[in-house]
Amino acid sequence: MLSQLRRYRVRTDGWDEFVSLVLDHIVPAREALGFRVEGVWGDREDGTFVWIVSHDAPDGWEAIERAYYASPGRNSLPRDPKDFLLEVDTKVLEPLTGP
């Protein structure tokens, strides 16, 4: 199982809309493809939004990400998440212990 740490800085004037977009649309679209959302954290005051998603990713992380971005769920989002983002940092992580 691989996990991806996704850290964003969100425009504070779009915070509520962005959080709703993620929780109501993006999370279900990812879960439909077998992703597991490990957690979602945020700091409205400075726009920090962090979440971790995991997947077995048998063909590698890039392959499952391509499948997600080509999926009907992703392509039917009511807004483009990039409209809200000032900064994006992502990193794929491998477990160091346990299953």
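A short reminder: the numbers here are calculations on the coordinates, not readings from a lab. Predicted model only: the values in this text are computed from it and were never measured. So basically every Cβ, Gly included, is an ideal-geometry build from the backbone, and we count neighbours across all protein chains shown.
Below 8 Å between Cα atoms, with a sequence gap of 6+, how large is the relative contact order for region 2-93 in percent? Spell out each step's value before the answer.
On the way: 136 pairs, mean separation 45.8, N = 92.
Relative CO of region 2-93 lands at 50 percent.
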_Let me spell out the model: positive unit charges on the Cβ of Lys and Arg, negative unit charges on the Cβ of Asp and Glu, origin at the Cα centre of the chain. What dipole size does that give, in debye rounded to 20?_
140
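If I stretch the segment between residue 13 and residue 83 completely, what's the gain in nm (0.36 nm per residue apart, minus their alpha carbon distance), one decimal?
Working: separation 70, 0.36 × 70 = 25.20 nm, distance 1.14 nm.
Difference between extended and current length: 24.1 nm.
Mind pulling the per residue volume of the convex hull built on the Cα atoms of the chain? Å³ is fine.
On the way: hull volume 9.6 nm³, N = 99.
Value for the chain: 97 Å³ per residue.
If you stretched the chain out fully between residue 96 and residue 31, how much longer would it get, using 0.36 nm times the residue separation minus the C-alpha to C-alpha distance? All intermediate terms of the calculation are to be shown ahead of the outcome.
Working: separation 65, 0.36 × 65 = 23.40 nm, distance 2.39 nm.
Taking residue 96 through residue 31 to full extension adds about 21.0 nm, to one decimal.
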